[in-house]
Structures are given as C-alpha cells and as structure tokens.
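Reading through the structure tokens given below for one structure.
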Amino acid sequence: MKYKLVIFDLDGTTLNTLDDLAGSLNYALEQAAFPKRTLDEVRSFVGNGIQKLVERGVPAETSAETIQEVLSEFKIHYKVHCADQTKPYEGIEKLLQVMKEKGYLMATVSNKADFAVQDLCKEYFPNMFDTVVGEKAGVRRKPAPDTVNTVLKQLNIDCRDAVYVGDSEVDVETAKNAGMDCISVNWGFRTREELLQAGAITIVSHPDEILNEI
C-alpha cells in the first residue's frame, strides 16, 4: 500500500450533486426575484462552499444583507432536497468497498455544509468512511488545509501517508497546502484541461484507476 489514508472530496468526486445544488440555488434566487442560473453556470460556481456558490449566483452588486437572505433560503431548501437527484458516480461504491476490504482508512472532506455532508455520506456510503468533515463555522474552508489536518490528527496519520482525491482546482491546492499527494478526477465539475491548468499531476478518468495510484 502506497498510502494508509485516502481522503475524498464529495461534490463532483464521489457524488454527482450538481442537479440538487442548482435546484436549491435557483429556488433561493427565485424567492429573491433574481434570474435563475443554468446548470453549466452552477457547475462553474461550486467548489468553495455554499456561501461562495450563492455569492456567485446572485446578480453583481447584490447587497451583503440580501446575499445572506438568499443563503438562508438555499440552506432551508437544500436540507430537504439535497438527495432528490444526487447519486454516486458509476464505480465509486465498488471502489470504496474494495478499498475497505484492503484495509485503507478513508475519509470525506468537503466545503459543503457539514449537515449535508454527514447526511449524504450516511445515505449513500453507510459505514464506509472513518471520518467525515464538512464546512463548519470558525474553520477555514479548502483550499486551506485545516479540515484535512483535522482528519490527519483524528486518525493519527502523517500527511506523507495520505492522498487527497478531488475534482477541482480547490482540491489540487488543498492537497498542496496540506503537504500531501493529490489524485484528480475528470468525471466531476472540472474538465481535464482545467485540472491541468490548475497544476494537477495525476488525473484519472474512472474510479478503478484510483486503485492503481494508491
């Protein structure tokens, strides 16, 4: 085993959450009488947490107070509808099962709100992850290494014995800031070209390929 611990991003890496994120964002925008966003627009907005998703989704020059109102509507809607159309990417469930059988430690670290990360991992990957960490108040979001470092401390693993798996430039930077290797996946919210521009070194196109890299 090249690594002892594999840390996964969630949105765009293990779960395709785009339709539900777009649905909740557009619901919240509609409540504020703002124009809706397309799926491709929402795809480009995700990666830095729901605060940034909403900030990018509202019209330019929207007041901070209104942004918070839209964010509140988003949270209320998404808590109920976060699993309406969300589903694991093909091959992910099999990959996690094989990794568990081989004895790897596994974790999820996401910029998604912690309540949603916990709910979705319980719903789609019960008993698979050794620890799950989402966005919490007072803790810096990725690409800061804080949430990753929390997992390393919880599981008593050195960063050199861990690898981060994600689908975006945020994940590439997170791994770098945490001092660990990164495996980028191109089936999520960013293209291979965008990942290369972000500095990705190892890029895989199917979950099976991750086993060869770990």
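Conditions tested, residue by residue: (1) small (Gly, Ala, Ser); (2) in contact with a Gly (Cβ under 7 Å, 6 or more places away or on another chain).
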| residue | (1), (2) |
| --- | --- |
| ALA33 | yes, no |
| THR62 | no, no |
| ILE67 | no, no |
| PHE74 | no, no |
| TYR78 | no, no |
| CYS82 | no, no |
| THR86 | no, no |
| GLN97 | no, no |
| SER110 | yes, yes |
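Applying the selection to region 152-170, what residues are surrounded by 18 or more Cβ atoms within 10 Å (Cβ to Cβ) and in contact with a strand residue (DSSP E or B) (Cβ under 6 Å, 6 or more places away or on another chain)?
Of everything in region 152-170, those that are surrounded by 18 or more Cβ atoms within 10 Å (Cβ to Cβ) and in contact with a strand residue (DSSP E or B) (Cβ under 6 Å, 6 or more places away or on another chain) turn out to be ILE157, ALA162, VAL163, TYR164, VAL165, ASP167.
β-branched (Val, Ile, Thr), closer than 17 Å to CYS182 by Cα and in contact (Cβ under 8 Å) with a residue 24 or more places away in the chain: is that true of VAL117 in this structure?
Taking the combined requirement at face value, the residue does not satisfy it.
Which one of ILE157, ILE183 is more than 18 Å from the chain's Cα centre (by Cα) and among the β-branched types (Val, Ile, Thr)?
ILE157
Show the residue pairs meeting these rules: Cβ distance below 9 Å; 6+ apart or different chains; first residue within region 188-203 and assigned by TED's automatic domain parsing to the domain that holds PHE45 and surrounded by fewer than 23 Cβ atoms within 10 Å (Cβ to Cβ); second residue part of a loop (DSSP other than H, G, I, E, B) and at pLDDT below 95.
Pairs that qualify, where the first residue is assigned by TED's automatic domain parsing to the domain that holds PHE45 and surrounded by fewer than 23 Cβ atoms within 10 Å (Cβ to Cβ) and the partner is part of a loop (DSSP other than H, G, I, E, B) and at pLDDT below 95: there are none.
I'd like to know if region 127-138 contains one or more residues that are of a type in the set (D, E, K, R), part of a loop (DSSP other than H, G, I, E, B) and buried (at least 23 other Cβ atoms within 10 Å of the Cβ).
no
Name every residue in region 148-185 that is more than 19 Å from THR131 (Cβ to Cβ) and of a type in the set (Ser, Thr, Tyr), in order of residue number.
SER168, SER184
Quick one: count up the residues across region 149-173 that are touching a Pro at 6+ places or on another chain (Cβ under 6 Å) and touching a residue at least 60 places away in the same chain (Cβ under 8 Å).
Residues that pass the stated criteria total 1.
Condition first: polar (S, T, N, Q) and closer than 24 Å to MET1 by Cβ. Now tell me which residues in region 127-176 satisfy that.
Correct list: ASN127, THR131, THR147, ASN149, THR150, GLN154, ASN156, THR174.
The values are calculated or read from the model by the stated rules, or taken from the named source; none is laboratory data. Just so it is clear, the model here is predicted, and its values are computed rather than measured. Note that each Cβ is placed from the backbone with ideal geometry, even for glycine, and that neighbours are counted across all protein chains shown.
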